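See below for the structure under consideration.
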Amino acid sequence: MNPQPTPSVLFSQPGDGVWKRTVLLAVLALPIVVHGEAYGHGLVMSPSTPVSPPAGYLWVAAVWAAVLIAANALFIRRRQLDKWHGAIVTSLLIALTFALLFVAVGFVARILTNGLLPGPWLGYEPFYGLGWSVPTLFVFCFWNAVGWLVLRGVVAREVVRTYRLLYPDKRLAFRINAAIYLGGLVPFMLTGALAHGWTGGHLDIGCRSQLAELGEALLDFAGEHDNRLPPGTNMQDVLVDIRPYLDSKSTGDAEPIYVCPVCAAFERHPKPYLWNGQLAGRSIEELRKLDAPVPVITCACGPQSPYHNGAVLTTENILRALAADARDSGPLWPTASAGR
């Protein structure tokens, strides 16, 4: 009876097919070359994965790649499947092929779904405000499941197939890489940065639209209170006064009219719109006598925000709307950037 051959005897040279691998990596790199900032109209979400971390978490990708390479190289060397230089080269191929293939899969998904399912990419601002919401959790779980399947396939090709591993070693190789992949998700799960991305024009317009609706309510309030603005000194008090003049959809406890939709996506605890307390109880005539326009309600994101320039409703907006009788033809409320 012939003895069972050892894995080291079954070893085949990892250099086999090096040109095929080079061509494969070049093809997979094409999405990076042609990648562009396709600004969506609404909320564009990208999953947080070990190779596509959000801004502020780029260190995760570097640490994760180093651990992945070291662990696979150590596994190959401890099983006496190759010398150190061969083990390191194979491990580098695993990390590089996985990263490029994963991005390529996401790139194809973006094209096929016309951007509705954007794939992994790195460096966008994290959506802390969305937290563990159902859409965010779906994107996070879906793409990381795809990520693990892609990594498993790469390990099967670069390690299991190349070194012709027997079942115990094959199972161990998969378990090691699965543990490393899951470990790369821990920072995102601990902080709630499950996804990241950007907001398109529709959400920016939504911020201005909400300020317009608040302005409409202010004028309706003034029309029934001697042409004076609400007496509140903060937005919460003002909202209580103008609530009867808002649309029914805007009167909930967490209504979109109260918080900028862009701020709500990015911030864990988004601030409400800011009310200029110096205008509390002022009459429309007093607003006309001001030397220069002043803010009435301002987006809390502010001009220093990395994801939103904000918007502001000014006394000029209110007076111009009154002069043009704009409310008869719709909510024509010009607003300016909060940074101006």
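The values are calculated or read from the model by the stated rules, or taken from the named source; none is laboratory data. Remember, it's a predicted structure, so these values are computed and weren't measured experimentally. Glycine also receives a Cβ, built like all others from the backbone with ideal geometry; neighbour counts cover every protein chain displayed. We work out accessible area using only protein heavy atoms, side chains counted, and drop any ligands, DNA or RNA first. Shrake-Rupley method; radii C 1.70, N 1.55, O 1.52, S 1.80 Å.
Note on segment 89-101: among residues that are hydrophobic (A, V, I, L, M, F, W, C), without any contact (Cβ under 8 Å) to a residue 60 or more places away in the chain and touching a Leu at 6+ places or on another chain (Cβ under 8 Å), the one that is farthest from Gly147 (Cα to Cα) is Ala95. When residues in segment 288-319 are screened for being closer than 20 Å to Gly232 by Cα, touching a Pro at 6+ places or on another chain (Cβ under 9 Å) and of a type in the set (A, V, I, L, M, F, W, C), 3 of them pass. Candidates are the residues of segment 130-149 that are touching a helix residue (DSSP H, G or I) at 6+ places or on another chain (Cβ under 7 Å) and open to solvent by 20 Å² or more (accessible area, probe 1.4 Å); the one that is modelled with the lowest pLDDT is Leu130.
If you go through segment 264-316 and keep only what is crowded, with 18+ Cβ neighbours inside 10 Å and basic (Lys, Arg), you end up with just Arg282.
Quick check on Arg164: is it in contact (Cβ under 8 Å) with a residue 24 or more places away in the chain, open to solvent by 60 Å² or more (accessible area, probe 1.4 Å) and in contact with a Ser or Thr (Cβ under 7 Å, 6 or more places away or on another chain)?
yes
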